[in-house]
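Heads up, the thing below is written out as structure tokens.
The values are calculated or read from the model by the stated rules, or taken from the named source; none is laboratory data. These figures come from a predicted structure and were not determined experimentally. As a convention, Cβ positions derive from the backbone with ideal geometry for all residues, glycine included, and neighbour counts pool all protein chains shown. Just so you know, the surface numbers come from the protein's heavy atoms only, side chains and all, with ligands and any DNA or RNA stripped out. Shrake-Rupley method; radii C 1.70, N 1.55, O 1.52, S 1.80 Å.
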Amino acid sequence: MKGNRIAAIDVGTTKVCTIMADVDGSGGLRILGVGVAPTQGLHKGLVVEVKDATESIHQSVRKAEQMAGYRLKAACVGITGRHISSANSYGVVTISRKDRLVRPRDLRRVLEVAQNAKVPGDRKLLHIIPRTYAVDKREGVKNPVGLHGFRLDVEAHIITAAAASVRNLTKCIRGIGIDIDDLILEPLASSEAILREEEKQNGVMLADIGGGTTDIAIFKEGSICHTAVLPIAGYQITNDIAIGLGLSFELAEEMKKRYGNIIRPEEGDNGHQTVVEDEHSVSYQDLCEIIRIRVEEILRLIILELPHTDYLQSVPSGLVLTGGSANLPGIAQVGHEVTGLPVRIGAPIDLAGVSDTLYNPAYATSVGLLLWKIRGKDSQKWLSKGGGVHRLISQ
């Protein structure tokens, strides 16, 4: 049983979530422990105070350990922030052996060529994800191993991270005695928890609207083709409420969660209603209007990440919203009005064990980190037997 234990730590701007689980015989997850703690020491996904961030992670891990009944030793860790960048790259190598048979080491070689073309010296490789291969210019090959040819091409999605930002995060995790199994870009993890395979095949856009950042991933023909991190999310919504209604940030956050709605109230219905929290009363209409204006802006910034103005042609399966801010009532309806795309809310499903709290868009990344691990989504497997995370930390 111990050999099947896995764990994930999602260090977000507003919360740290640790999940401890095991994997059953059919590859399903059984949740053993969940620990959630408020985040201190982070801003827009970046560690700005190591001591505070380490303590937040420690609180989350301790809660999960108490529920699971054993000590956490290693975990998959999510990473985000404006320091993340991505690009599609191409590589080509020749198959010079007499039998012209493509072998696994040829995949390693061609991915190294693709990597070298797109990773500047001041950045470190986080993921290299092969999208499609071609053998002797025959395109659309998903796995060329075993085919014969003279030339092997690859189109790969390269994701890099600023080394200093990675080291700050890993220092916090290691500071409480936990090893890191892998570092995973958060929107890739979220996609594992909430996207359907047919959506990825047809073309779909994922937007994980968290507290400090909005993480974006676009899939086409079954694989990732674009990733981005926007420095605007739930924090800005709360800040707008605080400034617009003269409230403290904490009170504005509570009112957003308890009363927030993106759909404008009808006159004569709730239009002149007031809401009260901690002896502060505000106009319900004003609250909803402030939230709607900022959410519309976030949605417009999200849609600008699509490569073409014909959004429906780019992503026929539409836009899937997740993250804590996706819990705002009416966000799917307004998302459709702003983008013209089909919009749905994505949340993890079909989890066994003590998983009640995880059926929520706010935990898509946390659950997705575990699924990424058990589904073998190791984008570094052809490049290094030790995995890319060790090079990121040690260099």
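Of 101, 164, 363, which is farthest along the charge dipole of the chain in the positive direction, counting Lys and Arg as +1 and Asp and Glu as -1 at C-beta?
101
Using packing as a proxy for protection, rank 183-189, 355-361 so that the peptide with the highest average count of other Cβ atoms within 10 Å comes first.
183-189, 355-361
Put a dot 7 Å past each Cα toward the Cβ at residue 52 and residue 273; how far apart are the dots in nm?
Inter-label distance under the simple model: 3.6 nm.
May I ask you to compute the full-extension gain from residue 308 to residue 40, defined as 0.36 nm times their residue separation minus their alpha-carbon distance, rounded to one decimal in nm?
Gain on extension, residue 308 to residue 40, equals 92.6 nm.
Quick one: what Rg and Dmax do you get for the chain from the alpha carbons, in Å?
Radius of gyration, then largest Cα-Cα span, for the chain: 22.1, 81 Å.
With a 1.4 Å probe and all protein chains left in place, how much accessible area per residue does the chain have, in Å²?
Heavy-atom SASA per residue in the chain reads 44 Å².
Ignoring ligands, DNA and RNA, what percent of the accessible area of the chain is carbon or sulfur (1.4 Å)?
The value for the chain is 49 percent carbon and sulfur by accessible area.
Applying a 10 Å radius around every beta-carbon, put 12-19, 81-88 in order of their mean neighbour count, most first.
Order by mean packing, descending: 12-19, 81-88.
What percent do you get for the relative contact order of the chain when only Cα pairs under 8 Å and 6+ apart count?
In percent, rounded to a whole number, it is 18.
Nearest 20 debye, what's the magnitude of the dipole of the stretch 31-80 about its Cα centre given +1 on Lys and Arg Cβ and -1 on Asp and Glu Cβ?
140
Based only on Cα atoms, what mean projected area does the convex hull of the stretch 180-226 have, in nm²?
3.7
Return a whole-number percent for the relative contact order of the stretch 100-221, with Cα pairs under 8 Å and 6 or more residues apart as the contact set.
Taking the mean separation of contacting Cα pairs over the length of the stretch 100-221, I get 20 percent.
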